[in-house]
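Report on the following structure.
Just so it is clear, none of the values below were taken in a lab; they were calculated from the coordinates. Because the structure is predicted, anything quoted here is derived from the model rather than measured. Please note: Cβ atoms are built from the backbone with ideal geometry, for glycine as well, and neighbour counts cover all protein chains shown.
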Amino acid sequence: MTEQILKLGIPAGSLQEATVELFTRAGLHISGSKRGYLPQIDDDQVSPICLRAQEMSRYVADGVLDAGITGYDWIMENQSDVVEVTELAYSKSTSKPARWVLAVPDESRVKKPEDLKGGIIATELVNVTRNYFSGRKVDVKVEFSWGATEVKARLVDGIVELTETGASLRANGLRVIDTVITSTTRLIANKQAWKDKFKRQKIESISILLNAAINARNKVGLKMNVKKDDLQSILKMLPSEKSPTISSLADPSYVAVEAIVEDKVERTLVPALKRAGASGIITYPLNKVIH
């Protein structure tokens, strides 16, 4: 082991599996995360620790951890003074931001937040919810919920609950009144660790690799051979993020063209390219795309 170590927090719980998968695609392999709080990573300069996302920002702010991955919602809930290194567009179910929403039963007469004046709101996100109602000058009592918050919607006046798709709320006969806060996953750093040359460089390297893995998601590489006479018409068909790479071939009448495209485009683009004269078409998955 080297003397310079970065203490990195990996979120345990619902975000854990998606995080470990993301690290793997980034080329950082975490093992043993399902069996304990001290998993292994194939980088002897990083010491990973699994902690709940709810408390991650507090440990990073206090310097117990040098860096960690958590949601913007918990940074705000804990009022943690940390460096937000980068936004990571992934979550446990989708790549869309998660929302903490104010919800009531379908049969409730409540139509807007102001209708809850004098009522009781159950949530795990107590501080953010209090600030939300305070900003609207609506006097409510906010109570901490120890999980299963959706079940309590008919015991209190309303709930503030996390949702990505809204399916669970609908299944429980609840309707959304408003969005309290929108949250995405963040890589955060301790302020003192960020000033340390080694630790900052290590955190920035992890940030680059994780974002590269996210950018590669839902994209494929595309290669083909094209007659020079057909090149301009083929190039107009390619939705490449930048100008495609064009290389000479042994046959002077052909060139090789390479580009990156969305995988949802591939199934219609490849047959169209074939009909337009392209040959030797190859598509392949991507691990990382660095902009």
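Compute the relative contact order of region 89-189 as a whole-number percentage, counting only Cα pairs closer than 8 Å that sit 6 or more residues apart in sequence. Write out the running numbers ahead of the final one.
Working: 189 pairs, mean separation 45.8, N = 101.
Relative contact order of region 89-189: 45 percent.
Relative protection proxy for 55-66, 187-198, from highest mean packing down: 55-66, 187-198 (other beta-carbon atoms within 10 angstrom).
Which of the residue pairs Lys7/Lys219; Lys111/Lys137; Lys96/Lys195; Lys202/Lys223; Lys7/Lys152 have a Cα-Cα distance greater than 28 Å in the structure shown? Over 28 Å Cα-Cα: Lys7/Lys219; Lys96/Lys195; Lys202/Lys223; Lys7/Lys152. In sequence order, region 276-283 has phi-based couplings of 7, x, 5, 9, x, 6, 10, 10 Hz under the Karplus curve 6.51 cos²θ - 1.76 cosθ + 1.60, θ = phi - 60°, and Gly or Pro positions carry x.
Place the peptides 252-260, 266-274 in order of packing, highest mean first, counting for every residue the other Cβ atoms within 10 Å and averaging per peptide. Walk me through the numbers before you get to the answer.
Details: 252-260: 16.1, 266-274: 14.0.
So the peptides 252-260, 266-274, ranked by packing, come out 252-260, 266-274.
Helix 126-135 axis versus longest C-alpha principal axis of the chain: approximately 80°, rounded to the nearest ten.
Per the Kirkwood treatment, what hydrodynamic radius in Å, one decimal, follows for the chain from the mean inverse distance over all distinct Cα pairs? Please report the intermediate quantities before stating the final value.
Values: mean 1/r = 0.0453 Å⁻¹.
Over the chain, the inverse of the mean reciprocal pair distance is 22.1 Å.
Against the longest principal axis of the chain, how steep is helix 53-62, in degrees 0 to 90 to the nearest 10, with axes from Cα atoms? Between helix and principal axis, roughly 90 degrees. For Lys199, the aspartates and glutamates whose Cα comes closer than 15 Å to its Cα, not counting residues fewer than 8 places off in the same chain, are Glu3, Asp43, Asp44, Asp66, Glu84.
By per-residue mean of other Cβ atoms within 10 Å, what is the highest-first order of 139-146, 214-221?
Values: 139-146: 14.8, 214-221: 17.1.
With the highest mean Cβ count within 10 Å placed first, the list reads 214-221, 139-146.
Proximity of backbone amide H atoms, modeled 1.01 Å from N, is registered between Leu6 and Val46, Ser47 at under 5 Å, excluding neighbours fewer than 5 places apart on the same chain. Counted by Cβ distance under 14 Å from Ile181, the other residues give a net charge of -2, where Lys and Arg count +1 and Asp and Glu count -1. Here the contact order of region 171-291, divided by its residue count and restricted to Cα pairs under 8 Å and six or more residues apart, works out to 34 percent. Here region 13-33 and region 143-198 have alpha carbon centers that stand 22 Å from each other. With respect to the chain, whose longest principal axis is taken over its alpha-carbon atoms, helix 263-275 is tilted by about 20°.
Across the chain, Cα pairs under 8 Å and at least six residues apart give a relative contact order of 19 percent. Using the Cα centre of the chain as origin and beta-carbon charges of +1 (Lys, Arg) and -1 (Asp, Glu), tell me which of Leu28, Thr86, Ala276 is placed farthest towards the positive end of the dipole. Going by the Cα projections, it comes out as Ala276.
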